[in-house]
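What follows is one structure encoded as structure tokens, with my remarks underneath.
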Amino acid sequence: MKQLIYLLLLILGSSCANVEVLEAPWNTEPIPVVYSVISPNQSVEVFLKQTYNNDYPNLKSPYPEAKVYMCGADSNWVELNRLNYDSCVFADVLNKQLIESGKTYTLKVVLANKIIRAQTTVPEVKAVINEAVCFINNQSGYVLMNGAYIPASFNYLSVHYTLPEVKNLGYTLSAFENQPIELNDLSGSNYVSTEFPCPEGADTIQLRLNTLDPYLKKYQLSLAISSSMGQPQVSIVDAVMNTFGGVLPQFNNIVNGVGIFGSWVSDVKKVAVTNKTN
């Protein structure tokens, strides 16, 4: 959005009300945007861009001087490599940074005039799929993946699971490996959906039950709130990018920037997709 965004501050007094219009701080100068979600057995990547401002050029790679580092509890900093000279993605191409459950990791982004920091602790325990059944529902449509709509079947799914006793964790269920995160309100021990998106034509799915750390859960909740207020959610990265000219999510854990450094762990179970005979 290229229009000016303002914050409306309403101060209620005992006898009168005053209204003050304040320009949002991200409209005066671009702010670094950092996004990274880490998980065991997954490649470490960090996305770095900046908020959009109509008064500044929209650069493809706004921080050419950036250096990105990550470390665990051993304080052994690993430098991530920019994927190419004008890319906004930095990756641990040599897989030097091992990600383990229960461990705390620190992210550091060094820019010309500031240092950006963030921290996450990978969940030590995870939700576990005990049993699951999936029946063909003869409903089809599309799901949004990596900015493109792909065919999907919307099937009946029933899952019996065990949740960790740890509070403040978030959970997602997905049959697509790279599906954008969308929180499922899981409680108790059972989940049922009559329109669960699955790859079209698949006779088996890899059902993933992801356990999100509290930071990522709060960030996803803030995105859901933004979506309900008229900001469509595509994926986490796209949601960040698409809100450059508008209201950014109300939660982020990036010091000297905006965005999220979060983590998750997954439990995966192969589930047959069958016709319901009864």
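Heavy-atom accessible area with a 1.4 Å probe sorts 254, 136, largest first, into 136, 254.
Taking each of 108/269; 49/217; 126/276; 49/114; 217/276 in turn, the alpha-carbon distance tops 24 angstrom for 108/269; 126/276; 217/276. Computed FRET efficiency, Cβ-Cβ of residue 144 and residue 76, R0 30 Å: what is it to the nearest 0.05? My answer for the efficiency is 0.20. Annotation: per residue accessible area for the range 30-94 equals 51 Å², rounded to a whole number [probe 1.4 Å, protein chains only].
Identify the chymotrypsin sites (Phe, Trp or Tyr not before Pro) of the range 83-135 meeting these criteria: DSSP loop state and at most 11 other C-beta atoms within 10 Å of the C-beta.
Working: sites: 85, 90, 105, 135; in loops: 85.
Qualifying residues, ordered by number: 85.
The values are calculated or read from the model by the stated rules, or taken from the named source; none is laboratory data. Computed from a predicted structure; not experimentally measured. Quick reminder, even Gly has a Cβ in these numbers, built from the backbone with ideal geometry, and neighbours come from all protein chains shown. Note: accessible area is taken over every heavy atom of the protein model, side chains too, but ligands, DNA and RNA are not part of it. Shrake-Rupley method; radii C 1.70, N 1.55, O 1.52, S 1.80 Å.
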